Amino acid sequence: MAPSVSVIVPTYNRADALPRTIESVLSQTLENLELIIVDDASEDNTEDVVASYDDERIQFIQHEINKGASAARNTGIEHADGEYMAFLDSDDVWLPTKLEKQVLTLELRSDDWVAAYCEAETVRPGGQSPLVRWVTRLISRRNKTEGAEGGKELIGLILSDDLHTSAGSSLLVKSDVVRTIDGFDESFNRFQDPEFLIRVLKHGKLACVNEPLLLRYETGSPPADAVAKADEHFRRTFAEEVERLERQGIDVTGAHHYILARQYLDEGQLRTGFRYLRHARRPELRQLPGLLLNVYSGLRTHIR
């Protein structure tokens, strides 16, 4: 019997974290699945870690050279046999009912609904106190759009950084749609998840399971310059959509300047960070604590 869901996990040098990810997939209440792990030419003992699992649902594929996460996902897509495909980063964890609830959500709706995501919680190194977690959720601007559902109208929310679906680890998509859009764009090494989701939304609607069924492990940020380069590529790819949204009064460019301002400020590149901030979308009151934390972090880095 063909698997109902093909789970695709790209990985690179994450042998230490990979077991928790594998076990969260194998523990799903939806058992009719295949787990396709694509090793993007790791230099650690990833192969030994995967070989330690005796489960016929696991398929292990290795790249001879490092090609990037998008290419690794596409390799998994090529080998997938499921009616649905689900994507999971190799350091994140699903709760046991994640796939079952997403599949049921889509099967109870019309054929227009082609994908589903779920809420996520962030796990930080060293843990986080309940008070800090509560304050973080209280001030998060994501509260406005978390759980949003729909079709092409969501593209504006994604491009303006107002809807975060954690698509790289939360998304379940009908396989025929994934193949129709030719999988992931391998020119992206950042922002590949929202780029992929935007193209999915051009072919159908996105549903949400309003439960935190994904645990995302915080692993640090890439250099600000790398984020800036990737951000430019992202906005250039959707230039027509960005122009249309800005004619409607949605400040997409300002939203992305705000992202970059926070990255540079946090890194200690204060002059560049404040330059982006001057042209950024004005932060909401609830965003100010996070911004001030970035400035504080950057000042500490700058003084050292």
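The values are calculated or read from the model by the stated rules, or taken from the named source; none is laboratory data. Bear in mind that the values here come from a model prediction, so they are computed numbers and not experimental data. Neighbour counts are summed over all protein chains in view; Cβ atoms, including those assigned to glycine, are modelled from backbone coordinates with ideal geometry.
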Inset, instruction - Output the number of residues of region 34-46 satisfying the condition of being assigned to a loop (DSSP other than H, G, I, E, B) and surrounded by 19 or more Cβ atoms within 10 Å (Cβ to Cβ). - result: 2
Legend entry - Ser70 part of a loop (DSSP other than H, G, I, E, B), crowded, with 19+ Cβ neighbours inside 10 Å and either assigned by TED's automatic domain parsing to the domain that holds Leu106 or touching a His at 6+ places or on another chain (Cβ under 9 Å) (or both): no
Inset, instruction - Could you please let me know if Ala15 is in a loop (DSSP other than H, G, I, E, B), over 21 Å from Leu171 (Cβ atoms) and either of a type in the set (A, V, I, L, M) or touching a residue at least 40 places away in the same chain (Cβ under 8 Å) (or both)? - result: yes
Inset, instruction - Name the one entry in Leu285, Leu265 that is closer than 24 Å to Thr122 by Cα and free of Cβ contacts under 8 Å to residues at least 12 places away in the same chain. - result: Leu285
Legend entry - Members of region 242-271 that are touching a helix residue (DSSP H, G or I) at 6+ places or on another chain (Cβ under 6 Å), part of a helix (DSSP H, G or I) and within 23 Å of Gly220 (Cβ to Cβ): His256, His257, Leu260, Ala261, Arg262, Gln263, Tyr264, Leu265, Asp266, Glu267, Leu270
Legend entry - Unmet criterion (only one of (1) part of a strand (DSSP E or B); (2) at pLDDT below 95; (3) more than 22 Å from the chain's Cα centre (by Cα)) for Glu31: (1)
Inset, instruction - Check Glu211 against each of (1) of a type outside the set (S, T, N, Q); (2) buried (at least 16 other Cβ atoms within 10 Å of the Cβ); (3) more than 13 Å from Phe191 (Cβ to Cβ); (4) in contact with a Leu (Cβ under 9 Å, 6 or more places away or on another chain) and name the one condition it does not meet. - result: (2)
Legend entry - region 164-200, residues that are part of a helix (DSSP H, G or I) and among the acidic types (Asp, Glu): Asp176, Asp193, Glu195
Inset, instruction - Looking only at region 77-104, count how many residues are of a type outside the set (A, V, I, L, M, F, W, C), under 28 Å from Thr219 (Cα atoms) and assigned to a loop (DSSP other than H, G, I, E, B). - result: 6
Legend entry - Every pair of residues 6+ apart whose Cβ atoms lie under 7 Å, when the first sits in region 140-155 and is farther than 13 Å from Tyr117 by Cβ and modelled with pLDDT of 55 or more while the second is in a helix (DSSP H, G or I) and not basic (Lys, Arg): Gly151/Leu201; Lys152/Leu201; Ile155/Ile198; Ile155/Leu201; Ile155/Glu241
Inset, instruction - Could you please find all residues in region 211-228 being part of a loop (DSSP other than H, G, I, E, B) and among the hydroxyl-bearing types (Ser, Thr, Tyr)? - result: Thr219, Ser221
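A quick yes/no check of all residues on (1) of a type in the set (Ser, Thr, Tyr); (2) out of contact with any Pro (no Cβ under 6 Å at 6 or more places or on another chain); (3) within 27 Å of Leu277 (Cα to Cα); (4) modelled with pLDDT under 95:
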residue: Phe188; (1), (2), (3), (4): no, yes, yes, yes
residue: Phe196; (1), (2), (3), (4): no, yes, no, no
residue: Arg199; (1), (2), (3), (4): no, yes, no, no
residue: Lys205; (1), (2), (3), (4): no, yes, no, no
residue: Cys208; (1), (2), (3), (4): no, yes, no, no
residue: Leu213; (1), (2), (3), (4): no, yes, no, no
residue: Tyr217; (1), (2), (3), (4): yes, yes, no, yes
residue: Gly220; (1), (2), (3), (4): no, yes, yes, yes
residue: Pro223; (1), (2), (3), (4): no, yes, yes, yes
